[in-house]
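A.B. asks: Pasting in a structure now, in structure tokens, and then I'll have a few things to ask.
Derivation of every value follows stated rules applied to the coordinates shown; laboratory data play no part. None of these values were measured; they are calculated from a predicted model. FYI the Cβ positions are ideal-geometry reconstructions off the backbone, even for glycines, and counts take in every protein chain you see.
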Amino acid sequence: MLSSNEWRTRTVEDGVVRCPSCNSLNVTMGACAVGAYTIYQKYVCEGCGYEFQAMFGLIGCVPGSNNEGNDT
Ligand SMILES: [Zn+2]
């Protein structure tokens with residue numbers, strides 16, 4: 001079983017989500033819960049049945065595509 005930090009590092013390096021328990025790529029996305037500054041994405045591993053959530057945090061903002069002519 002990977003720790004949260006190990007799983008995060010591997011996910012960022014590989015660019016794909018793997019099961020932290022059995023390392024399978026065969027994971028299914030479930031419900032997504034949106035908080036004030038965090039988003040939790042549920043996954044279920046089809047290989048071993050392990051359920052886990054990926055946690056995403058607020059890191060900044062970028063302009064939208066509708067801002068032309070809005071210079072201040
Ligand atoms: Zn698994």
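A.B. asks: Using Cα pairs under 8 angstrom and six or more residues apart, how large is the relative contact order of the chain, in percent?
C.D. replies: Computed over the chain, the figure is 20 percent.
A.B. asks: Dipole size in debye (nearest 20) for the chain around its Cα centre, Lys and Arg Cβ +1, Asp and Glu Cβ -1?
C.D. replies: About 240 debye.
A.B. asks: Here's another thing I want to ask about it. Unpartnered cysteines of the chain (Cβ-Cβ under 4.7 Å counts as a partner)?
C.D. replies: So, 32, 61.
A.B. asks: Now for a separate question. Over all directions, how big on average is the projection of the convex hull of the alpha-carbon atoms in region 4-57, in square nanometres?
C.D. replies: Quarter of the Cα hull surface area: 3.5 nm².
A.B. asks: How about the chain: which GluC sites (Glu not before Pro) there are in a DSSP loop, with at most 15 other Cβ atoms within 10 Å of their Cβ?
C.D. replies: Sites meeting the loop and neighbour criteria: 46, 68.
A.B. asks: Continuing with this model, one more query. If each DSSP helix of 4+ residues adds -39,500 (n - 2.57) and the sum is divided by the residues in the chain, what number results at 222 nm, nearest 500 deg cm²/dmol?
C.D. replies: Calculated at 222 nm, the ellipticity per residue is -4500 deg cm²/dmol.
A.B. asks: Run the numbers for residue 66 and residue 38: contour at 0.36 nm per residue of separation, minus the present Cα-Cα distance, in nm.
C.D. replies: Fully extending the segment from residue 66 to residue 38 adds 7.6 nm.
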